[in-house]
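Input: a single structure, listed below in structure tokens.
The values are calculated or read from the model by the stated rules, or taken from the named source; none is laboratory data. Note that the structure is a prediction, hence the values are computed from the model and not measured. As a convention, Cβ positions derive from the backbone with ideal geometry for all residues, glycine included, and neighbour counts pool all protein chains shown. The protein model used for the area step is the full one, side chains on, heavy atoms only, and it has no ligands, DNA or RNA in it. Shrake-Rupley method; radii C 1.70, N 1.55, O 1.52, S 1.80 Å.
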Amino acid sequence: MKQKNYLPIAINITGEKILIIGGGQSAWKKIQILKRFDAEVEVIALEICDDLRKSDVPYRIKPYEKSDLKGYLMFYSCTNNPELDQQIARDGKEAGVLVNIHDQPELCQFVSPAIYQKNHLRIAVSSNARDVYASIETRNIIRNYFESTANN
Ligand SMILES: C[C@@]1(CC(=O)O)c2cc3[nH]c(cc4nc(cc5[nH]c(cc(n2)[C@H]1CCC(=O)O)[C@@](C)(CC(=O)O)[C@@H]5CCC(=O)O)C(CC(=O)O)=C4CCC(=O)O)c(CCC(=O)O)c3CC(=O)O
Ligand SMILES: NC(=O)C1=CN([C@@H]2O[C@H](COP(=O)(O)OP(=O)(O)OC[C@H]3O[C@@H](n4cnc5c(N)ncnc54)[C@H](O)[C@@H]3O)[C@@H](O)[C@H]2O)C=CC1
């Protein structure tokens, strides 16, 4: 198959419904980032981690079903279950909802960059899903540059 090429774009998610499938630490990390951009995040999972339970994020305790995808702009699968993830990726494509599968770039329709945000400025670093650690490291260099006293 041809190598995937991800277009870096900026999507408005304020007030948009985004579904997270899974309620563990991976899901929690994604949620933290999405909340910074005012998305209406909802969770379905069999179990929920303490951080999520204590938060104001709405969740439903239930097994995933394809019909759960209806009405969402996009979703993140954080189930830690590779077979289920494959099914969810297929369902998402069929339902026309954008798919991100945690730690499985080959199943993702979109991937998230490492972000530095200062006022209206947003700098997003991506490696085309090839080297997430390089993205994070580059973002940290950029953050250090902006946050260093010389640039304030
Ligand atoms: C493809 C992609 C899909 C996607 O998730 O969108 C993906 C995939 C993978 N991540 C892995 C690991 C980790 N990822 C993080 C963190 C982040 N990952 C993010 C993005 C992406 N990760 C997309 C590519 C972006 C690009 O193009 O470069 C960030 C930038 C944004 C976000 O998540 O929103 C966010 C930083 C948030 C911030 O700092 O601000 C941490 C650290 C942590 O969690 O603290 C760990 C280690 C702990 C762990 O394993 O969980 C592995 C296993 C790699 C291995 O070791 O082999 C894979 C699979 C693989 O690379 O094959
Ligand atoms: N400390 C950290 O920064 C991080 C730690 N981790 C660790 O890695 C391990 C894996 O974490 P996670 O990826 O979050 O996986 P997890 O196994 O903790 O969570 C998976 C989630 O998916 C849900 N799920 C599974 N099957 C489902 C189904 N059929 N329908 C609906 N929901 C379903 C589960 O109920 C659960 O909420 C954990 O030990 C975690 O602590 C993971 C990410 C970051």
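For this structure, a couple of remarks:
- Relative contact order [Cα under 8 Å, 6+ residues apart], segment 17-107, whole percent: 31 percent
- Solvent-accessible surface (1.4 angstrom probe) belonging to CYS108, in square angstrom, nearest 10: 10 Å²
- The calculated 222 nm mean residue ellipticity attributable to helices in the chain amounts to -9500 deg cm²/dmol, summing -39500 (n - 2.57) over DSSP H runs of n ≥ 4 and dividing by all residues.
- Once C-alpha pairs closer than 8 Å and six or more residues apart are averaged by separation and normalised to the residue number of the chain, the relative contact order reads 18 percent.
- Lys/Arg +1, Asp/Glu -1 at C-beta; the chain dipole; positive extreme among THR14, TYR145, TYR72: TYR145
- From the largest down, the chain spans 52, 43, 24 angstrom on the principal axes of its Cα atoms.
- Shape metrics for segment 17-107, restricted to C-alpha atoms - Rg then Dmax, Å: 11.9, 34
- Selection from ILE48, LEU98, ASN5, by position along the positive dipole direction of the chain (Cβ): ASN5
- Our estimate of slack between ARG60 and ARG90, defined as 0.36 nm per intervening residue step minus the Cα-Cα distance, is 8.6 nm.
- Distance between modelled label sites at GLU83 and ARG143, nm, 7 Å Cα→Cβ extension: 3.8 nm
- Rolling a 1.4 Å probe across the protein heavy atoms gives the chain an accessible surface of 65 Å² per residue.
- Angle in degrees between helix 132-147 and the longest Cα principal axis of the chain, rounded to the nearest 10: 40 degrees
- Additional length obtainable on full extension of the chain from GLN104 to ASN128, 0.36 nm per residue less Cα span: 7.4 nm
- 0 to 90° range, to nearest 10: angle between helix 25-36 axis and the chain longest Cα axis: 60 degrees
- For segment 77-114 and segment 120-151, distance of Cα centres in Å: 25 Å
- Of LYS54/LYS93; LYS70/LYS118; LYS30/LYS118; LYS4/LYS35; LYS35/LYS62, those spanning more than 25 Å from alpha-carbon to alpha-carbon: LYS54/LYS93; LYS70/LYS118; LYS4/LYS35
- Which of VAL111, VAL97 is most accessible, then next, and so on - probe 1.4 Å: VAL111, VAL97
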